[in-house]
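**Student:** Starting off with a structure, shown below.
The values are calculated or read from the model by the stated rules, or taken from the named source; none is laboratory data. Keep in mind the model is a prediction, meaning the values are calculated, not measured. Here the Cβ positions follow ideal geometry from the backbone for every residue, glycine too, while neighbour counts run over all protein chains shown. When the accessible area is computed, the model is the full protein with side chains, heavy atoms only, and any ligands, DNA or RNA have been set aside. Shrake-Rupley method; radii C 1.70, N 1.55, O 1.52, S 1.80 Å.
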Amino acid sequence: MANDPIYLDHAATTPVREEVFEAMKPFYGPRFGNPSSTHRWGRDARAALDEARERIANCLGAHPDEVSINSCGTEGDNMAVLGTWRTLRAQGRNAVVTTPIEHKAVLAATHQVAHEGGEERLLEIDKNGVVCTPSFDALVRDDVAVCSIMWVNNETGVLQDIPTLAERAKARSVVFHTDGVQAFGKVEIDAKTQAFDLLSISGHKIGAPKGIGALYIRRGTPLEPLLHGGSQDRGRRPGTENVAYAVGLATAAELAVKERESHWATQQRLRDALETIILEHIPDAVVHSRGAKRAPHVLNVSIPGTDSESLLMALDLRGIACSGGSACQSGSITPSHVLTAMGVDSTLAAAAIRMSFGPMNDDATVTRVGELFPKLVAKARSMAAA
Ligand code: PLP
């Protein structure tokens, strides 16, 4: 409908899909058992959990025992970085390598490594946010426990060549983790043919609830658990499993894989159309990472002479929901660490708006936002000049 609100913030989160909700329902009713119980309720829950794990594994080209179902992308990122480093530091691998444009989940885990006596190394990136290969070759040496590089950046959509980087890490016997939270359902992910050792995903970015995720752990990867307790998930992640959410994640993951190519095509068409309109009407707008390969769902644009907070508020008043930088940073007035690391000056970084596409968008989104956005920008600029 013409005045329905428009959700353009799918990189922050997505609504739970109907199919996912339906698949989870029985586990809030008769199938409530604890998968560790040996009676029939327990066995039923165990069977559902095992099946969910197998379905998630199939979506990643993995063996079921290589999938650790957890609470979120943040947990997977922490376990990958800290769990690997804590295991390997005793073998002279005391460094962790990452990029300055990672999600805070990886950056903060890496800071924790430094706090516990390890070494933090940051790779160089170019102005589009792409990892520089010479820097990779210089920093990823045999004293590194784990190298963690995100596949798709949540703020700009920039894509790293993860299959190639993972091969390079493997050649140096360095464990390679990729934060695949924004990549899953967008790029082809296949643990059989790609050399990453660890990959984190998050349910709420693909139509499952918030609070469920998974970490792919290649067989043989050294990894200390973060939590200590029972023997669930082979001791890797103690705690009674959330069977309903695991089933929800499996359902969402299968749908995401099935729809991956068609969603890529649609989102690229919509994103490119809106980008073209914005650049036509606001020629000095700066689209971040435009010179590199990007996942199709993110458009991050800075409008010189505006600040993102007032623009976001003006958009919100007209029913259009976007974000400035990443959702986790909302409420903070520091410019995005991602754009800053890409060399964007702080004023321009503070004028960045992220529009992220998903199943709630169509041609009408582009038409309405394309009409309204340049008008709101003109108004914001005239107010700033007054
Ligand atoms: N990594 C990336 C790239 C993300 O975009 C996010 C969420 O914004 C996360 C990790 C954290 O995921 P979760 O919200 O499931 O903890």
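**Student:** Of the residues in the stretch 175-187, how many are assigned to a strand (DSSP E or B) and surrounded by 24 or more Cβ atoms within 10 Å (Cβ to Cβ)?
**Tutor:** Of the residues in that region, 6 qualify.
**Student:** Residues that are at pLDDT 95 or above and acidic (Asp, Glu): list the helices (runs of 4 or more DSSP H) wholly contained in the stretch 275-386 that include at least 1 such residues.
**Tutor:** Of the helices (runs of 4 or more DSSP H) lying wholly inside the stretch 275-386, those with at least 1 residues that are at pLDDT 95 or above and acidic (Asp, Glu) span 308-317, 363-385.
**Student:** Pairs under 7 Å by beta carbon, first residue of a type in the set (Ser, Thr, Tyr) in the stretch 365-382, partner in a helix (DSSP H, G or I) and modelled with pLDDT of 95 or more, six or more apart or different chains?
**Tutor:** Here the result reads Thr365/Leu270, each pair linking the stretch 365-382 to a residue that is in a helix (DSSP H, G or I) and modelled with pLDDT of 95 or more.
**Student:** Ok, one more. Hey, does the stretch 65-75 have a residue that's within 16 Å of the ligand (Cβ to nearest atom), closer than 30 Å to Gly33 by Cα and assigned to a loop (DSSP other than H, G, I, E, B)?
**Tutor:** yes
**Student:** How about the stretch 109-125: which of its residues are under 23 Å from Gly343 (Cα atoms), outside any strand (DSSP E or B), out of contact with any Pro (no Cβ under 9 Å at 6 or more places or on another chain) and open to solvent by less than 60 Å² (accessible area, probe 1.4 Å)?
**Tutor:** Selection gives Thr110 alone.
**Student:** Just to be sure before I move on: is Asp190 of a type in the set (Asp, Glu), within 11 Å of the ligand (Cβ to nearest atom) and open to solvent by less than 50 Å² (accessible area, probe 1.4 Å) in the structure I sent?
**Tutor:** In short, no.
**Student:** Of all residues in the stretch 257-274, which are crowded, with 21+ Cβ neighbours inside 10 Å and within 18 Å of the chain's Cα centre (by Cα)?
**Tutor:** Gln267
**Student:** Which one of these is crowded, with 23+ Cβ neighbours inside 10 Å and either outside any loop (DSSP other than H, G, I, E, B) or more than 15 Å from the ligand (Cβ to nearest atom) (or both): Ala57, Ala47, Ala62?
**Tutor:** Sole residue among the options that is crowded, with 23+ Cβ neighbours inside 10 Å and either outside any loop (DSSP other than H, G, I, E, B) or more than 15 Å from the ligand (Cβ to nearest atom) (or both): Ala62.
**Student:** A further question follows. Considering every residue within the stretch 204-212, establish whether at least one is away from the ligand (no atom under 16 Å from the Cβ) and either of a type in the set (Lys, Arg) or farther than 13 Å from Met24 by Cβ (or both).
**Tutor:** no
**Student:** I would also like to ask the following. Filter the stretch 131-145 down to the residues that are touching a strand residue (DSSP E or B) at 6+ places or on another chain (Cβ under 8 Å) and either acidic (Asp, Glu) or within 16 Å of the ligand (Cβ to nearest atom) (or both) and list them by number.
**Tutor:** The answer is Val131, Asp143.
**Student:** Of all residues in the stretch 1-23, how many are buried (at least 18 other Cβ atoms within 10 Å of the Cβ), over 17 Å from Asp363 (Cβ atoms) and away from the ligand (no atom under 15 Å from the Cβ)?
**Tutor:** Residues meeting the conditions: 3.
**Student:** Which members of the stretch 235-265 meet the condition of being in contact (Cβ under 8 Å) with a residue 40 or more places away in the chain and over 30 Å from Arg31 (Cα atoms)?
**Tutor:** Arg260, His263, Trp264
**Student:** Could you grab me the full set of residues in the stretch 96-108 that are under 17 Å from Leu215 (Cβ atoms) and open to solvent by 30 Å² or more (accessible area, probe 1.4 Å)?
**Tutor:** His103, Ala108
**Student:** Taking the stretch 65-81 on its own, how many of its residues are within 27 Å of Met342 (Cβ to Cβ), open to solvent by 10 Å² or more (accessible area, probe 1.4 Å) and touching a Leu at 6+ places or on another chain (Cβ under 8 Å)?
**Tutor:** 1
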